[in-house]
Amino acid sequence: AKAANKGGVMHFSREMNNHLQESMWLDGGLRQALQEGQFSLHYQPQVCLRSRRATSVEALIRWQSSERGMVPPLSFIRYAEDSGLIKPIGRWVIREAMAQARRWSSLPQPLRISVNLSARQLGDPELLSDFMAAMQQHGFKRSPLDIELTESCIASDEGRTIEIMSALRALGVNIHLDDFGTGYSSLSQLTRLPLQVIKMDQSFIRAIPADARSMALLRSMVAVAQQLDFQIVAEGVETDSQLDFISEIGVDLAQGYHFARPMPADQLEQWLQQHGK
Ligand code: C2E
Ligand code: CA
Ligand code: CA
Ligand code: CA
């Protein structure tokens, strides 16, 4: 038993060591990425199911590392949040998306851009001034950007969260709740918050058409969200049968590989032209 225990400890510390090394690499790498401009934004259209037009896009960060090539956000956002680097990274995202919104303001149809915010950013006292400074720099009186928050952003201090959300609302920011259905909040709790859009988590869309229980759950969540006057987005839509089902149950907007992958701004412009926008 002793030997096995010892083996367990050794295994554990090797994992710790790998984790530490990865954190150290990320720390240097992310700082360098900020300095050397290795981040970019890709944009994925959100299509209105009624008009079949893209009315908005989600901005998703991309990191082209000189050492490792393209590093997916899921392998660095967590570290960025824990270390606090998410603040300068998030500030870069807001500025870059605002600059893009300026370039797209001459499109024939308005296109809103939503950016993802981490809990740490929502708690950052400078978030509002960052937003206002970026708006001012690009000549916007009302924000062309919306934000996507997850339930974890809201959990901690509801009063303060509502205050920040309301201040952003006053700038013209629409607030989307991301990954809904994976946390513990109910739709009725959400009515206390100044939210406009509910984004059903990908796991519910992935369950179509095989998992009847998840589909029933999705159908009822959409029905309640509709009653409460939220706009409803389905993300991760990949197949015809998924599209048929979400259209039938009353989802407003859809996003996913079925329509387009996230892509650089110039490719998105071509996509918009080809799709009759
Ligand atoms: P998310 O906000 O839930 O974004 C949706 C993810 O699903 C994106 O992954 C997107 O590329 C992917 N996706 C879109 N359509 C489909 C589909 O049809 N099928 C499948 N299987 N996946 C699809 P991505 O770009 O790797 O981003 C992962 C996560 O990283 C995001 O999840 C978000 O939580 C975070 N993230 C991305 N950009 C930012 C950012 O600028 N700031 C912050 N704080 N987080 C970000
Ligand atoms: Ca999102
Ligand atoms: Ca999501
Ligand atoms: Ca997610």
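The values are calculated or read from the model by the stated rules, or taken from the named source; none is laboratory data. Just so we're clear, the structure is a prediction, and the values are computed from it rather than from any experiment. Here Cβ is always computed from backbone atoms with ideal geometry, including for glycine, and neighbour counts include all displayed protein chains. Quick note on the areas: whole protein, heavy atoms, side chains included, nothing else; ligands and nucleic acids left out. Shrake-Rupley method; radii C 1.70, N 1.55, O 1.52, S 1.80 Å.
Looking at Q109, is it modelled with pLDDT under 95, closer than 22 Å to P262 by Cβ and within 16 Å of ligand 1 (Cβ to nearest atom)?
No.
When segment 241-277 is examined, which residues are found to be among the β-branched types (V, I, T) and either modelled with pLDDT under 95 or within 16 Å of ligand 3 (Cβ to nearest atom) (or both)?
Selection gives I246, V251.
How many of the residues making up segment 254-277 are open to solvent by less than 20 Å² (accessible area, probe 1.4 Å) and within 16 Å of R206 (Cα to Cα)?
Selection size over segment 254-277: 3.
Return the pair list, or none, for Cβ contacts closer than 8 Å from residues in segment 254-277 that are more than 20 Å from S51 (Cα to Cα) to residues that are part of a loop (DSSP other than H, G, I, E, B), at least 6 apart or on different chains.
Going by the 8 Å Cβ cut-off, there are no qualifying pairs.
What's the number of the condition I232 fails, among (1) open to solvent by 60 Å² or more (accessible area, probe 1.4 Å); (2) under 21 Å from the mean Cα position of the chain (by Cα); (3) in contact (Cβ under 8 Å) with a residue 12 or more places away in the chain?
Unmet for I232, out of (1) open to solvent by 60 Å² or more (accessible area, probe 1.4 Å); (2) under 21 Å from the mean Cα position of the chain (by Cα); (3) in contact (Cβ under 8 Å) with a residue 12 or more places away in the chain: (1).
Is there a residue being in contact with a strand residue (DSSP E or B) (Cβ under 9 Å, 6 or more places away or on another chain), within 16 Å of ligand 1 (Cβ to nearest atom) and open to solvent by less than 50 Å² (accessible area, probe 1.4 Å) anywhere in segment 182-194?
no
Quickly run through segment 48-96 and pick out the residues that are in contact with a Ser or Thr (Cβ under 9 Å, 6 or more places away or on another chain), away from ligand 2 (no atom under 16 Å from the Cβ) and aliphatic (A, V, I, L, M).
If the condition is that a residue be in contact with a Ser or Thr (Cβ under 9 Å, 6 or more places away or on another chain), away from ligand 2 (no atom under 16 Å from the Cβ) and aliphatic (A, V, I, L, M), then L49, V71 are the ones that fit.
Being within 20 Å of the chain's Cα centre (by Cα), over 19 Å from I89 (Cα atoms) and among the polar types (S, T, N, Q) is the filter here, so list the residues in segment 117-151 that pass it.
Listed by number, the list holds a single entry, S143.
Going by what's in this entry, would G181 be described as modelled with pLDDT of 95 or more and at positive phi?
No; evaluated as a whole, the condition is false for this residue.
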